[in-house]
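Q: My questions all concern the structure below.
The values are calculated or read from the model by the stated rules, or taken from the named source; none is laboratory data. Quick caveat, the model's predicted, so the values are computed rather than measured. Don't worry about glycine lacking a Cβ; one is built from the backbone with ideal geometry, like all the others, and counts go over all protein chains shown. Ligands, DNA and RNA are stripped out before the accessible areas are found, and what is left, the full protein with its side chains, is counted by its heavy atoms. Shrake-Rupley method; radii C 1.70, N 1.55, O 1.52, S 1.80 Å.
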Amino acid sequence: MVIQDHVAEKELRMVFHHSGSDPRAEGTFFMELEPEQRVERFRVSVAGNPMEGEILDAEKAKRVYEAIVAKRKDPALLEYYGARLLRVRIFPLPANTDFEVVLNTVEALRPQDGLVRVQTLNAVPASLRSPLRRMSVEAIIRSAHRVREVFSPTHTVEVSRDKAGGATLRYRAEDVLPATPFCFYYGVGEDELGASLLSYREPGEDGAFLLTITPPVGVDPEKRLPRDVVFVVDTSASMNEGGKIDQVRQALGSFLGTLTEQDRFNVVTFSTEGTPLRRDLIPATEDRVAFGRRAVSEIRARGGTNLEEGLRIAIGQSFRAEATRIIVLLSDGVPTVGQRDTEKLVGIARGKGIRVFSFGVGFDLNTQLLDRLAVENGGDRQYVHPQEDLTTVLESFARRIDAPVLADITVDVTGADGEAASTQAYPRRLPDLFRGGSLQVLGRFSTEGPVRVTLSGTGREGKVTRTYDLALAPDARHSFVPRLWAIRKVDFLLDEVRLHGPDRELIGEIVALSKEYGIVTPYTGALIVEDSAEALSAAGVEGRLAESARNAYNGAAEWHLGRNQQDWRNAFSQEAQIAAMNGAIGRGTNAAEVARTMQRQRNVRSRAFYNDGAGWNEAGFASQQARVLRFGSEEYFRFLRENPDAGEVLALGTNVTFQHDHEWIRVE
């Protein structure tokens, strides 16, 4: 598709296979149209032949849905109930062959909440979806104003930029089972720091919001914060295994090549003892970067693992107050020389105002130590599989922190009365903002309406403050937001109990949130594992934490826990969330494995449903009294007409138990 100033010209190409042999067979193609989606014109062809189609308004579409359900006893299309519908009758269907449907539309898009929402591939309800051989999307976005953020809450996409201020979004996958239609958002504007606010709430509950702060795509070098970066690199003998030290040399050389003359750097290697490249930080001039790259290419691995000395040398560098201060720690083992106590090692870096980014390579790690060094010092941690390309991982990280724009960030959200309008906001400690990235804050709210967002931080010229007048205006199309908030909170709670010891109250929150929102981690895999011997419980989570302590947070199982938490932390899209869910229980991400998971757990808007083998039950249902709705009865359709939003739940089929207005209802 091509989007020019909020007008989208889409071409949707779909290849179907008709296995029947009747040359007189016919079919019907349906596609949901969003409430704000205005189709100016469309053209449909099947196997090269033009076909007639019609757009049904919401009321006429409802009658069509009801007729299909009554006739076929299949409620799948109720997922679209209440929406307008594009219907194309296809006759004749080519027999025993593949045939292509091409749909061309021109649509006027409307900015809302500071963003434009675009949806496509919404032609198959969730319960009727089957694996696709291939799926791809390309969206070219052009505007009179610079395109700012581009993101998808449904799929993991790639975004590239052009010099004219436009952007191109791309997605491609094979052997894929799409869990949702394809949706993405984009924003435009020339503001130095832009802001957008999306929100959603279920009736009778507090809502959730997603606040996104985006820097300009191109940052003036004069407004870029300088960086002081110290690489602390494990060069113990174990780094020779699997060619890891060769990858480190290549990756560090590439990383040094991203530094500018505003930056300074040093490299501290540690094995039996710590050794800095130079006594203090080195200005990143062209000749000194070249010197650094030559020195890095000569790094050799031998001896033990003296992390203490490596950290002390790094912390002792003369970091500039005005610079973004970063330590990049890379290790494949546990400390074997010098201080080995986690608390004392973490204490070396604590409170120094230096961001620590930890990279753990392989399974022989103390994951608690690497986690705490990162979490308690405003950085992040990443776990790298022994067979993973370490060079690619570090080069990606180098691009991520290429150009700091704002540091020491705080965000306040206040209502019209000047009082705080948000609660339970995550992350608790906000990361720095870099060029090409964004800052995302997820929180809860109880009162809708106008809010003022105040952003504060440190830029190149000193203190920076921006205010934005936005609104908490819940929209059903943003129903992905509460689950994102729950994922961030579970991540925070897991850090608390993994890094500081079990706490019954926090573990209870982990269990409750995991059940309510369908967040399946290695601690909560009992939610969907078919042969699980016991239900998810606080005691089960406590047992897994105790096992980690017995393992001294070392080994393949502990690496897996850290890596899966990392996957969930980065799982912004629903596709990535399913991958993290499957990874938690040892499943792959191909279509068959995704289908297996979707047979056990699905999310309808922000609500999680679980299949116990006898039907679908919404999270929270145990043995409460439930009112029975007979599928296809007059009472069933009357309930649907009075509550069109329930269509997505009813689309799950028969034997579905769900809550509506504080009443449990079961469809039989």
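Q: Over the chain, with every protein chain in place, what whole percent of the accessible area is carbon and sulfur at 1.4 Å, could you tell me?
A: 46 percent
Q: Hey, another quick one. Where only protein heavy atoms count, and the probe is 1.4 Å, what is the accessible area per residue for the range 216-330 in Å²?
A: Per-residue value: 42 Å².
Q: Report the local net charge at Arg170: Lys and Arg +1, Asp and Glu -1, summed over other residues whose C-beta lies under 9 Å from its C-beta.
A: -1
Q: Which lysines have a Cα lying under 26 Å from the Cα of Lys463, excluding residues fewer than 8 positions away in the same chain?
A: Lys223, Lys352
Q: Taking a point 7 angstrom from the Cα of Arg43 along the C-beta vector, which residues in the range 72-104 have backbone N less than 12 Å away?
A: 102-104
Q: Taking Cα centroids, how far is the range 139-178 from the range 70-117 in Å?
A: Using only Cα atoms, the two centres lie 22 Å from each other.
Q: Continuing with the same structure: From the list [x] 38; [y] 35; [z] 31, can you say which value of percent of Cα pairs over 39 Å apart was derived from the structure given?
A: Here percent of Cα pairs over 39 Å apart agrees with entry [x].
Q: Still on this structure, I have one more. As I understand it, the value is the acute angle between the Cα axis of helix 504-517 and the longest principal axis of the Cα atoms of the chain; what does it come to in degrees, rounded to 10?
A: For 504-517 against the chain, the angle is about 40 degrees.
Q: For the chain, what is the relative contact order in percent, using Cα pairs closer than 8 Å and at least 6 residues apart in sequence?
A: Values: 1416 pairs, mean separation 83.7, N = 668.
For the chain, the relative contact order is 13 percent.
Q: Report, by chain and number, residues whose modeled amide H sits under 5 Å from the one on Leu56, excluding near sequence neighbours (fewer than 5 apart, same chain).
A: Residues meeting the amide H criterion: Leu85, Leu86, Arg87.
Q: Here is a follow-up. Considering Cα pairs under 8 angstrom that are at least six residues apart, work out the relative contact order of the range 123-276 and quote it in whole percent.
A: Over the range 123-276, the number comes to 19 percent.
Q: So, one more: Please report, in whole Å³, the volume per residue of the convex hull around the C-alpha atoms of the range 372-489. It would help to have the intermediate numbers written out before the result.
A: Details: hull volume 17.9 nm³, N = 118.
Expressed per residue, the convex hull around the Cα atoms of the range 372-489 is 151 Å³.
Q: Less than 22 Å apart at the alpha-carbon level, and either on another chain or at least 8 residues along: which lysines does that give for Lys489?
A: Counting by Cα, and skipping residues close in sequence, Lys489 has these lysines nearby: Lys515.
Q: Take every Cα pair under 8 Å in the range 37-189 that's 6+ residues apart, average their separations, divide by the length, and report that relative contact order as a whole percent.
A: Across the range 37-189, relative contact order equals 25 percent.
Q: Further question on the same structure: Starting from the 7 Å offset along Cα-to-Cβ, what nm value, one decimal, do you get for the label separation of Glu9 and Asp475?
A: It works out to 2.6 nm between the two label points.
Q: Provide the packing ranking of 132-143, 268-279, i.e. peptides ordered by the mean count of other C-beta atoms within 10 Å per residue, highest first.
A: 268-279, 132-143
Q: What is the sum of charges, Lys and Arg at +1 and Asp and Glu at -1, for the other residues whose Cβ falls under 11 Å from the Cβ of Val150?
A: +1
Q: Go through the range 96-111 residue by residue and turn each phi into a ³J(HN,Hα) via Karplus (6.51, -1.76, 1.60, θ = phi - 60°); whole Hz please, and just put x for glycine and proline.
A: Once rounded to whole Hz, the list reads 6, 7, 7, 9, 10, 10, 10, 10, 10, 9, 10, 10, 8, 9, 10, x.
Q: Hey, what's the range 95-198 come to in accessible area per residue, 1.4 Å probe, Å²?
A: Per residue, the range 95-198 has an accessible area of 43 Å².
Q: Could you check the simple spin-label distance between Glu663 and Asn240, using points 7 Å along Cα→Cβ, in nm with one decimal?
A: Placing both labels 7 Å beyond Cα along the Cβ direction yields 7.5 nm.
Q: Which net charge results when you count Lys and Arg as +1 and Asp and Glu as -1 among the other residues whose beta-carbon is under 10 Å from that of Arg569?
A: -2
Q: Dipole of the chain (Lys/Arg Cβ +1, Asp/Glu Cβ -1, origin at the Cα centre): which of Leu256, Gly114, Ala539 lies farthest to the positive side?
A: Going by the Cα projections, it comes out as Leu256.
Q: Let me ask something else. Looking at the chain, send over the antiparallel percent of its DSSP beta bridges, to the nearest 5. Could the numbers behind the result be given before it?
A: On the way: 112 of 145 bridges.
If I count the DSSP bridges inside the chain, around 75 percent turn out antiparallel.
Q: Residues of the range 499-605: accessible area per residue at 1.4 Å, in Å²?
A: Result: 41 Å² of accessible area for each residue.
Q: I need the peptides 583-595, 158-170 ranked by packing, meaning the mean over residues of other C-beta atoms within 10 angstrom, with the highest value on top.
A: 583-595, 158-170
Q: With n ≥ 4 as the cut-off for DSSP H runs, can you work out [θ] at 222 nm for the chain, using -39500 (n - 2.57) per run divided by the number of residues, rounded to the nearest 500?
A: Result for the chain, helices only: -7500 deg cm²/dmol.
Q: So which lysines pass the test for Lys62, namely a Cα distance under 22 Å, with those fewer than 8 places away in the same chain ruled out?
A: Of all the lysines, those that pass the test against Lys62 - Cα under 22 Å, at least 8 places apart if same chain - are Lys71, Lys73.
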